[in-house]
1. Going through the range 89-122 one residue at a time, which ones are within 14 Å of the chain's Cα centre (by Cα) and part of a strand (DSSP E or B)?
2. Within the range 104-133, count every residue that is closer than 20 Å to SER29 by Cα and acidic (Asp, Glu).
3. Looking only at the range 24-75, count every residue that is part of a loop (DSSP other than H, G, I, E, B) and of a type in the set (D, E, K, R) and tell me the total.
4. Determine which member of the set PHE36, PHE73, PHE88 is of a type outside the set (A, V, I, L, M), surrounded by 12 or more Cβ atoms within 10 Å (Cβ to Cβ), touching a Gly at 6+ places or on another chain (Cβ under 9 Å) and closer than 17 Å to LEU6 by Cα.
5. Quick test for you: out of GLY38, GLY95, pick the one residue that is out of contact with any helix residue (DSSP H, G or I) (no Cβ under 6 Å at 6 or more places or on another chain) and closer than 25 Å to ASP16 by Cβ.
6. What residue, among those in the range 1-17 that are small (Gly, Ala, Ser) and not in a strand (DSSP E or B), is nearest to LEU68 (Cα to Cα)?
7. Between a first residue in the range 2-31 that is without any contact (Cβ under 8 Å) to a residue 60 or more places away in the chain and a second residue that is of a type in the set (Lys, Arg) and surrounded by 13 or more Cβ atoms within 10 Å (Cβ to Cβ), which pairs have beta carbons less than 6 Å apart while being 6 or more apart in sequence or on different chains?
8. Could you check ASP80 against (1) at pLDDT 95 or above; (2) farther than 15 Å from PRO37 by Cα and say which number it fails?
Amino acid sequence: MSRIILVSAVALIDVDGRVLVAQRPEGKSMAGLWEFPGGKVEEGESPEVALIRELDEELGINTWESCLAPLTFASHAYDDFHLLMPLFACRKWDGIPQSKEGQTLKWVRPKDLRDLPMPPADIPLIPILRDWL
């Protein structure tokens with residue numbers, strides 16, 4: 001049994017119904033692939049608290065637990081760990097998302113997400129988002 005890593009992710013949805021994705025920077029595993037913003041849930045954190053912290057660290061925006069709606073989740077076996085990733089939807093935050101960790105950001109229509117190279121765990125989330133939005 002490989003270790004389970006809990007990562008919290010968000011579909012930030014703008015007023016035009018587009019979703020924000022970030023490109024993993026050089027030097028990180030899966031560099032160049034596009035993903036939903038978020039990150040590892042630390043010891044003692046809930047997925048929501050982790051996401052609020054990560055959004056502040058990665059994008060410089062603030063949101064609240066009441067604005068994070070659980071949408072779906074990914075469960076994917078990578079070679080050396082198993083990823084469990086709840087995906088939340090969020091339409092309300094303070095600030096303008098900007099790259100604080102060297103990642104490229106892009107607003108994408110849900111139907112166009114499948115045109116981007118994404119990590120294997122993120123790919124099954126695309127049709128759910130597309131149907132939901």
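The values are calculated or read from the model by the stated rules, or taken from the named source; none is laboratory data. If you're wondering where the values come from, they're calculated on a predicted model, not measured in any experiment. Backbone-built Cβ (ideal geometry, glycine too); neighbour counts: all protein chains shown.
1. ALA89, CYS90, THR104, LEU105, LYS106, TRP107, VAL108
2. The qualifying residues number 1.
3. Adding up the residues that qualify gives 6.
4. One residue alone meets the criteria, PHE88.
5. GLY95
6. GLY17
7. From residues that are without any contact (Cβ under 8 Å) to a residue 60 or more places away in the chain, the pairs are ALA31/ARG24.
8. Single failed check for ASP80: (1).
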